[in-house]
Amino acid sequence: MSMPTSWPPAIGVSGKSGSGKTLLIERLVPRLTARGLRVAVVKHCTHRIEADTPGKDSDRLFRAGADVLAAGPNEAFARFHGGDAPLRQTVRRVGAGCDLCLVEGYRGEAIPRILVQRDEGAVPDTNADASLFTATDVPAQIDAVEAAVRDFAVQSHRLLPTMGLVLVGGRSRRMGRPKSLLADGAGSVLERIVAILKVHARRVLLAGRGPVPATLADLDRLMDVPSVEGPLAGILSAVRWHPSARWIVLACDLPLVEADAVQWLLSQTRLGADAVMPRLDPEAPCEPLFAVYEPTCLPRLEGAALEGTWSLRRALGGGRTLQPVVPTPLRSAWTNVNTLAEWEATRRSMDEGHCG
């Protein structure tokens, strides 16, 4: 299975007219949403779409050339131009924040497909490269179809590229010096964090304007999103830069980070989650600055930025953010330092640990 090039993953539902394609999607969607997945559907039509009532305000505005979103209680209806855009572009537009997109139609697109045909010997109405499942009796085979779709979505999620991001943009007012330059006899904290991330991430980037050691001067750096404050500015910049990656994010003031902690955190990721923000104990607040951010978090981060909600806990709180409790031996990795006194105390504990 190849690595997904964008998110969400798309699965086609193909078959001749009357074969049961829409019935399959209608049966499949509530099963997937009941498992906590967000599902989008893209349907390609060869005929003119009658999606609105002629003469209504929304129809008049659309015909005047505008993209239209009609919002009402508990639902909204979007109608936009450019229906001939490439499938992947359409999937990304419609499926932002979703875990999976089901696609009906779009013959010739090389995406995995569920083939629906009433006759086992019939030639399917598709020229897709890969078939996940062939359904000849939708009601009887819906369990197997769901399993095939979920397996594909889970594998796509596992194959997401992992990117590393270190936040170096803090003002360090309480520290009195740039946290990004904290160092002891063994080197800088930032150099150690980057070295650990490079083991697990395809690429490591910095976010923010803070100074960095000369050894890291060649690392790519993302500028914070303008008019957004706090760590949200850097994390949103990263997710925008690569919206189809899993981002493991660390602040630069975590001197006790260990490779085992990074590995444990990545092991907690799951399809259907927007982020993994662990807790140090069941009653503690979640930790957003040594955490994982999934592609599906982008709409929520964008919404927080628009509303001026800089708190990552508020932006991503809720059922789709996993908050596992960190195992006791790894908890020190989440220790951050905000003052010189805290830094000196941490250095002493590190020295004592080395001596022991």
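The values are calculated or read from the model by the stated rules, or taken from the named source; none is laboratory data. Just so you know, these numbers come straight off a predicted model, no measurement behind them. Note that each Cβ is placed from the backbone with ideal geometry, even for glycine, and that neighbours are counted across all protein chains shown.
Quick notes
- Here is the figure for region 238-248: residues that are among the aliphatic types (A, V, I, L, M) and assigned to a helix (DSSP H, G or I) total 2.
- Filtered by the rule that a residue be in contact with a strand residue (DSSP E or B) (Cβ under 8 Å, 6 or more places away or on another chain) and either surrounded by 15 or more Cβ atoms within 10 Å (Cβ to Cβ) or not basic (Lys, Arg) (or both), region 197-208 gives 197, 200, 201, 203, 204, 205, 206, 207, 208.
Table: residues versus (1) among the hydroxyl-bearing types (Ser, Thr, Tyr); (2) in a loop (DSSP other than H, G, I, E, B); (3) under 21 Å from residue 232 (Cα atoms); (4) in the same structural domain as residue 213 (by TED's automatic domain parsing).
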| residue | (1), (2), (3), (4) |
| --- | --- |
| 250 | no, no, yes, yes |
| 254 | no, yes, yes, yes |
| 263 | no, no, no, yes |
| 271 | no, yes, no, yes |
| 282 | no, yes, no, yes |
| 285 | no, yes, yes, yes |
| 288 | no, yes, yes, yes |
| 292 | no, no, yes, yes |
| 296 | yes, no, yes, yes |
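- Within this structure, residue 332 fails the test of being polar (S, T, N, Q), over 15 Å from the mean Cα position of the chain (by Cα), surrounded by fewer than 16 Cβ atoms within 10 Å (Cβ to Cβ) and on the phi < 0 side of the Ramachandran plot.
- Scanning region 318-339 for residues that are of a type outside the set (S, T, N, Q) and under 14 Å from residue 235 (Cβ atoms) turns up nothing.
- Contact map, region 89-106: residues that are modelled with pLDDT of 85 or more paired with residues that are surrounded by fewer than 18 Cβ atoms within 10 Å (Cβ to Cβ) and not in a loop (DSSP other than H, G, I, E, B), Cβ distance under 6 Å, separation 6+ or inter-chain. Pairs shown: 96/299; 97/299; 104/43.
- Test: residue in region 187-210 that is assigned to a loop (DSSP other than H, G, I, E, B), at pLDDT 95 or above and touching a Ser or Thr at 6+ places or on another chain (Cβ under 9 Å): yes
- Tally of residues being polar (S, T, N, Q) and exposed (fewer than 13 other Cβ atoms within 10 Å of the Cβ) across region 216-240: 1
- Positions within region 324-341 being closer than 21 Å to residue 249 by Cβ, in contact with a Lys or Arg (Cβ under 9 Å, 6 or more places away or on another chain) and not in a loop (DSSP other than H, G, I, E, B), in sequence order: 325
- In region 55-62 there is at least one residue matching the filter, namely being surrounded by 18 or more Cβ atoms within 10 Å (Cβ to Cβ), at pLDDT below 65 and in the same structural domain as residue 20 (by TED's automatic domain parsing).
- Test: residue in region 148-155 that is over 27 Å from the mean Cα position of the chain (by Cα) and touching a residue at least 40 places away in the same chain (Cβ under 8 Å): no
- Of the criteria (1) within 11 Å of the chain's Cα centre (by Cα); (2) exposed (fewer than 13 other Cβ atoms within 10 Å of the Cβ); (3) acidic (Asp, Glu), which one residue 281 fails: (1)
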